[in-house]
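Accompanying notes for the structure given below.
The values are calculated or read from the model by the stated rules, or taken from the named source; none is laboratory data. What you see is a predicted model; the values in this text were computed from it and never measured. Cβ placement follows ideal geometry from the backbone for every residue including glycine, while neighbour counts extend to all protein chains displayed.
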Amino acid sequence: MNVADIANAIQDTDFFTSMRESALVYPIVLSTHLSMIAIFGGLILLTDLRLLGATLKSTPPSEIVRRTRPLKWVGFLVMITCGILLGGAKFASYYDNPYFIAKMSLLACVGIHALVFRRSVYGNPQAIDDPKGPPRAAKIAAVLSMVLWVGILSNGRWIAYYEKPDQYPRRAEPAAQVQP
Amino acid sequence: MLQINYDPATNPLNNNEWSFPLFECIHIAMFAMSVGTIALVDFRLLGLTLRKYTAAQLLKATSMWTLAGLVIVISSGLVIATTDPLSYYYNPAFRYKMLMLVLAILYNYTIHRKVAMSQAPAAVNVLVAGLSLAMWMSVVFLGIFYAFT
């Protein structure tokens, strides 16, 4: 059993097959997946802009980081759930799609980003609420956050445009073909 | 059938592999920015986030980003539509999308703005914000359903 077999087994489960073949469920899940970046992207953008000192300057950035966090999690969980449904339904053609791999890697980078900047930015109100403005680390974190999310949505879109170089590799000709 | 004196095959977007998806990415990133900043005000009207601010403060803080996003999302959308104008024109999902888009923009700059800038009763805020979220989500949904109809 290789990776391709596992990927096929996943998308061939009854659940993912019906998901893939449904004329209505698939586009609804896809639309929901996409709406989440539209509905909850504003929270991310506002946080990043505040860390860059571009908006709402009268309030400490830590306040915005803290207050927007619960809603960001809601959007993230809905998005991931829809993403798993979409990815599972077509996993055999996704697992070796370079754009899918890039998207998943960037998503992992979002997690790493959160861990790396927790001590210096997101979990450090004293540093980011400095009256002189957020420190350089906060600005780097904000720019990286925007770059990562644009990268994720771009790679996500590009998944659909990838064609495998040779989807049906030719097998070696059998030694002797007996015609009936 | 509508006839237009234009051959989509001459469109540069139909003649290389990367420009069409590139415009789609710009389109998606910019509706994330425009709708996302509108939704932020809606979440405040619903009382779900940043209660330290008034909806009016959040609207003022984000209105420039909303407008910039809307301008770019519509421009990139027009570019995308040039790749096959007639198929968009005759697609019912696309027609509903345009209708909802016009309604959502009008709503955003009239009722939505007026309510966000004033101290309206909570019930009014919830209704106005809910309708705003529903309208903008329907635009996104119809954009996807274009490809499935």
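Here B:Leu13 does not qualify as assigned to a helix (DSSP H, G or I), of a type outside the set (Asp, Glu) and at pLDDT 90 or above.
Of the residues making up region A:107-134, those that are of a type in the set (D, E, K, R) and either surrounded by 14 or more Cβ atoms within 10 Å (Cβ to Cβ) or more than 24 Å from A:Ile37 (Cα to Cα) (or both) are A:Arg119, A:Asp129, A:Asp130, A:Lys132.
Against the list (1) more than 12 Å from chain A (Cβ to nearest Cβ); (2) within 15 Å of the chain's Cα centre (by Cα); (3) of a type in the set (Val, Ile, Thr), the condition B:Ile26 fails is (1).
Of all residues in region B:57-75, none are touching a residue at least 60 places away in the same chain (Cβ under 8 Å) and more than 10 Å from chain A (Cβ to nearest Cβ). Evaluating B:Pro85 against the criteria (1) more than 9 Å from chain A (Cβ to nearest Cβ); (2) of a type outside the set (Gly, Ala, Ser); (3) surrounded by fewer than 18 Cβ atoms within 10 Å (Cβ to Cβ); (4) without any contact (Cβ under 8 Å) to a residue 60 or more places away in the chain leaves one unmet condition, (4). Screening B:Asn125 with (1) closer than 20 Å to B:Met33 by Cβ; (2) more than 11 Å from chain A (Cβ to nearest Cβ); (3) touching a helix residue (DSSP H, G or I) at 6+ places or on another chain (Cβ under 9 Å) gives one miss only, at (1). I'm checking my understanding of the structure. Among residues of region A:5-54 that are not β-branched (Val, Ile, Thr) and not in a helix (DSSP H, G or I), which one is farthest from B:Ile38 (Cα to Cα)? Going through the qualifying residues, I end up with A:Asp12. For region A:29-81, filtering for residues that are more than 16 Å from A:Pro134 (Cβ to Cβ), hydroxyl-bearing (Ser, Thr, Tyr) and within 9 Å of chain B (Cβ to nearest Cβ) leaves 3. When you look at A:Val74, is it farther than 22 Å from A:Ala142 by Cα and surrounded by fewer than 20 Cβ atoms within 10 Å (Cβ to Cβ), yes or no? So A:Val74 does not fit the description; no.
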